[in-house]
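Q: Please read through the structure below; I'll follow up with questions.
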Amino acid sequence: MHGRGGGGGRSSRRSAASANVDTTKLYETLGVDKSATAQEIKKAYRKLAVKHHPDKGGDEHYFKEINAAYEILSDSEMRTKYDKYGLEGLEEGGGSGGAASEDLFSMFFGGRGGRRSAGPRRGEDVNHPVKVSLEDLYNGKTVKLAVNRQVLVGEARVCTSCDGHGMVMELRQIALGMVQQIQRACPDCEGEGYQCQKKKERKVLEVLIEKGMQNKQKVVFQGMADEKPNMEAGNVNFIVQEKDHELFKRKGADLLISKTLSLKEALCGFAWKVMHLDGREVIIKSKPGEVIQAEAAGGRPFVKCVPNEGMPSHGNPFVKGNLYVLFTVQFPKDGEIQPADVKQLRRFLPGSAMECDYDEDTAEVVHLENADVRSFGKGGVQNQDAAYDSDGEQASPQCQQS
Ligand SMILES: [Zn+2]
């Protein structure tokens, strides 16, 4: 609860804090100066009390505040105490009863959503996904999006059907003489506790997609969700949903592209054109003597990178990530190299070549057929399926016979 300190330090706080306790709230409630005369206070109170009477559609909580404020400020002794020690002084000093003996703190500074309370409840946020291309995340963009929101017309008043609770009790006969009590949301105010005229409003919001924003990042419009009586409106959040790109994959500020090279390109050099996300043509070219491997150590894909050609960093777009290239090397197929050319290749390519000594009379020369690694282990006669049946406890008949 607001305003109440823990640990029994109230009296010390009272004496020390007479300078910083709140001694203006009640005057503000009545809309008068601290120096107002008793006459002026009375006049202000009457005006407000008539205007905000719940029977005339006024807010019940505010009406209570007005009455409590008047009760204190119209009593010269209580007013003096309040001016010196704030509400704390009144609570402690034992007011003359009435509204002053109620929990003044929760009335003015907390409790269930008083309209003048320090922290009103907030309505629910609304999330809208926004699909954004990688190009737009690279370059930045403003997207205009329309939202339909509920706005309140005029003042809200406490729902008379549920007395502001938002819930009503209902009795339902479940058998002869047996009644069940059911609590459910008040149908007249839809559980809000307040009734108010509402209308739909179409609002066009300009969503700024900043350079380098990440997938699932939020663009927040505070208080743009539906207006609810006696509540601060929630936020409208636009949530960036990065669209897949046909060329680039993204992780953080880095980009990745895949490139298949012929063996000739992998060995002898290459150059290819990449249309970058900002429309620039970037030529990725190998250096003389550079060789692209079929795979990296440990069987990992072979990658190289172009520094600073990734995405702009969000918040600091001049610092960019890197552009990774994941290579696949396409070897020539059987028969694509002529036997005469093989001779030439053998001369130029490094490494061993057909160095194998064997006795042609005793050694067997064999050749290779195409195969699939998934077939490994499936050779030989395949009649043992039953022996490896998954429910091993019931051994197969064949197994028992043998
Ligand atoms: Zn209601």
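Q: Just to be sure, is Leu267 over 30 Å from Gly57 (Cα atoms), away from the ligand (no atom under 16 Å from the Cβ) and open to solvent by 80 Å² or more (accessible area, probe 1.4 Å)? Spell out how you get there, then give the answer.
A: Details: over 30 Å from Gly57 (Cα atoms): yes; away from the ligand (no atom under 16 Å from the Cβ): yes; open to solvent by 80 Å² or more (accessible area, probe 1.4 Å): no.
Criteria not met by Leu267.
Q: Report yes if Ile283 is open to solvent by less than 70 Å² (accessible area, probe 1.4 Å) and part of a strand (DSSP E or B), otherwise no. Can you show your working first?
A: Values: open to solvent by less than 70 Å² (accessible area, probe 1.4 Å): no; part of a strand (DSSP E or B): yes.
In short, no.
Q: Met107 is checked against (1) within 16 Å of the ligand (Cβ to nearest atom); (2) modelled with pLDDT under 80; (3) not in a loop (DSSP other than H, G, I, E, B) and fails just one. What number does that condition carry?
A: Evaluating Met107 over (1) within 16 Å of the ligand (Cβ to nearest atom); (2) modelled with pLDDT under 80; (3) not in a loop (DSSP other than H, G, I, E, B) leaves (1) as the failure.
Q: Please find, among Lys144, Lys228, the residue that is of a type in the set (Lys, Arg) and either under 27 Å from Gly58 (Cβ atoms) or open to solvent by less than 40 Å² (accessible area, probe 1.4 Å) (or both). If you could, list the steps in order and put the result at the bottom.
A: Numbers: Lys144 fails: either under 27 Å from Gly58 (Cβ atoms) or open to solvent by less than 40 Å² (accessible area, probe 1.4 Å) (or both).
Of Lys144, Lys228, the one residue that is of a type in the set (Lys, Arg) and either under 27 Å from Gly58 (Cβ atoms) or open to solvent by less than 40 Å² (accessible area, probe 1.4 Å) (or both) is Lys228.
Q: Also, quick follow-up: Can you tell me which residue within the stretch 149-208, out of those that are touching a residue at least 60 places away in the same chain (Cβ under 8 Å), in a strand (DSSP E or B) and within 11 Å of the ligand (Cβ to nearest atom), is nearest to Lys51 (Cα to Cα)?
A: Here is the first cut: in the stretch 149-208, the ones touching a residue at least 60 places away in the same chain (Cβ under 8 Å) are 149-152, 155-158, 164, 204-208.
Pick out the ones that are also in a strand (DSSP E or B) and you get 149-152, 155-158, 204-208.
Next, only the ones that are within 11 Å of the ligand (Cβ to nearest atom) stay: 157-158.
Numbers: Arg157: 13, Val158: 15 Å.
Looking at the filtered set, the residue picked out is Arg157.
Q: Something else about it: Can you report the number of residues in the stretch 181-207 which are open to solvent by less than 80 Å² (accessible area, probe 1.4 Å) and of a type in the set (S, T, N, Q)?
A: Selection size over the stretch 181-207: 1.
The values are calculated or read from the model by the stated rules, or taken from the named source; none is laboratory data. Predicted, not measured: the structure shown is a model, and the values here were computed from it. FYI the Cβ positions are ideal-geometry reconstructions off the backbone, even for glycines, and counts take in every protein chain you see. Surface accessibility is based on the protein's heavy atoms, side chains included, excluding ligands, DNA and RNA. Shrake-Rupley method; radii C 1.70, N 1.55, O 1.52, S 1.80 Å.
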